[in-house]
Amino acid sequence: MLDVRVVRERPDWVRERLASRHGGDERFIDDLLELDRRRRALIAESEGLQAERKRASKEIGALMGQKRFEEAETRKQAVRELGDRIESMQRELKEVEARFEELMSRLPNLPHESVPVGADADGNVVVREWGERRQFDFEPRPHTELCERLGLVDFARGAKLAGSGFLLYTGWGARLERALIQFLLDLHVREHGYTEVSPPFVVGRHCMFGVGQFPKFEDQAYAVQEGLDAETLGRLYLIPTAEAPVANIHREEILAEADLPIRYVAYSPCFRAEAGAAGVGTRGMIRVHQFDKVELIKVVHPDHGYEELESMVADAERVLQRLGLPYRTVLLCTGDMGFAAAKTYDIEVWAPGQGQFLEVSSCSNCEDFQARRMALRFKSAVDGKNRFPHVLNGSGTALARLYVALLENCQQADGRIVIPEPLRPYLGAEVIGP
RNA sequence: GGAGGGGUGGCAGAGUGGUCGAAUGCGGCGGUCUUGAAAACCGUUAGGGCGCAAGCCCUCGGGGGUUCGAAUCCCUCCCCCUCCGCCA
């Protein structure tokens with residue numbers, strides 16, 4: 001959620017910033033400002049009347065105390081009419097406020113000044129590349145083929161169970177997935193100082209709203225229903241990312257400044273309906289309805305939001321460095337960023353079997369956009385005022401695509417997979433294959 | 001799922017229709033005293049909104065209602081606790 005005051009004070013600037021994203025949203029600014037004016041006028045007026053009623057009611061109480069009942073009755077009649085006016089005014093205020101909130105909640109965050117302006121992914125900027133792409137003396141196979149040959153993932157039976165886009169890992173395939181999760185969690189906990197949490201894999205809609213998933217992207221979520229009770233449909237949602245529960249941990253709290261920074265790491269499966277994306281890269285494990293992810297979340301002082309973003313990206317990159325997987329880090333342009341983000345870096349790992357880079361991490365500073373939506377504040381040690389912290393999220397990293405890259409990069413001519421050194425203790429093997 | 005009890009400020013805990021945004025205690029912060037600390041004493045300490053400001057309004061789990069007036073009465077939803085049933 002944007003700060004209304006900023007919209008009020010610098011509407012042209014806000015319009016320009018919004019237009020630099022995907023565009024279109026800037027046209028709501030005039031409506032928004034009009035609703036804001038109307039809203040404040042109604043508040044001022046109805047509060048004046050409320051003050052009057054409050055005073056009069058106290059007087060009535062005093063008259064009753066003095067047993068001057070007739071005078072009290074006369075006053076009551078007048079105050080009753082006042083009450084009616086207040087009520088109708090507040091009904092109108094409520095409507096105006098609902099429309100105002102609706103508009104506010106659908107406006108995306110404003111891009112940070114350091115974000116390149118661009119319409120789509122073509123405007124993104126590669127900020128660094130790491131690692132040498134391996135030279136193969138044979139044709140590197142795609143992960144799908146490797147998985148099938150080695151019996152790591154049973155795509156057909158996964159689809160049989162839950163439909164296409166759901167994976168059944170088997171044998172060493174399942175063990176490798178588990179080893180990766182463990183490796184990632186340990187890396188971030190032991191070496192990067194994050195606190196491990198294990199959240200619910202479903203959240204209420206208030207949490208989805210808090211991180212900016214709702215209301216705009218409700219069509220992308222899996223809604224849960226309890227048994228046969230249709231009333232309960234939509235009370236809970238399968239999480240699309242651990243960001244949904246973890247970023248909301250301290251919602252509606254006022255933290256002490258000394259509590260900051262807070263750094264959490266969490267493993268969770270992620271569920272994405274991917275409505276409208278049917279047929280787009282649906283083969284294999286690159287785009288699926290359920291995948292595992294280790295997520296990083298930070299809640300930090302606004303003065304340090306951007307240094308914390310840089311260190312978060314470094315933490316995520318370390319994953320690929322340790323595994324020896326070549327990658328590049330991309331600064332997203334205004335047109336390619338997510339709804340809540342003010343600045344985002346994507347990390348893309350090289351997948352030789354695909355002949356392309358795969359996005360395995362997306363690290364964003366959402367500034368106070370989410371904190372506003374979830375009423376997350378901290379008390380400033382300087383002036384005692386309550387302020388909104390910056391909330392950051394980053395994948396550290398997504399598993400399915402990391403898995404793809406690992407298999408494709410580490411494959412041998414005979415089809416075996418040589419496991420990267422740091423992962424061996426977790427897997428309990430150096431090589432997968434016959 | 002059934003029966004009962006309960007949600008008040010950072011915490012504990014009063015308040016059952018009026019001057020109550022809320023006693024008191026603890027904790028926190030500031031001060032006095034002290035070489036320093038403790039103790040004692042004094043003061044201070046919820047959130048949100050509107051307003052240039054003075055100030056005003058709202059909030060006692062959420063929403064709705066009764067009333068001139070609601071923390072207090074009614075309805076409803078949510079959450080927590082105890083017991084029973086079922087169950088990983």
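Just so you know, all these numbers are worked out from the coordinates, no wet-lab data involved. It should be emphasised that the depicted structure is a prediction, and the values quoted were computed from it without experimental measurement.
The Cα-based radius of gyration and maximum Cα-Cα distance (Dmax) for segment A:1-114 are 21.5, 71 Å. Chain A gives an Rg/Rh value of 1.10, both radii derived from C-alpha positions and Rh following Kirkwood. The alpha carbon convex hull volume per residue for segment A:235-275 rounds to 91 Å³. Can you give the translational diffusion coefficient of segment A:75-211 in µm²/s, computed by Stokes-Einstein from the Kirkwood radius over Cα pairs at 20 °C and 1.002 mPa s? Once the numbers are plugged in, D ends up at 94 µm²/s. Computed over chain A, the per-residue total of -39500 (n - 2.57) for DSSP H runs of n ≥ 4 gives a 222 nm mean residue ellipticity of -12500 deg cm²/dmol, rounded to 500. Here the Gaussian network model covers chain A, with springs between Cα atoms less than 10 Å apart; of A:62, A:223, A:174, A:62 fluctuates the most.
Could you identify which residue out of A:74, A:144, A:195 has the top mean-square fluctuation in a GNM of chain A using Cα springs shorter than 10 Å? Among A:74, A:144, A:195, the largest GNM mean-square fluctuation belongs to A:74.
Looking at segment A:363-434, what % of the alpha carbon pairs are farther apart than 21 Å?
I get 54 percent for the Cα pairs in segment A:363-434 exceeding 21 Å.
GNM remark for chain A: springs join alpha carbons under 10 Å apart, and the peak mean-square fluctuation among A:197, A:246, A:299 falls on A:197. One quarter of the surface of the convex hull around the alpha-carbon atoms of segment A:207-363 equals 11.7 nm², the direction-averaged projected area. Restricting attention to chain A, the count of lysine pairs at 8 or more positions apart or across chains with alpha carbons under 16 Å apart stands at 5.
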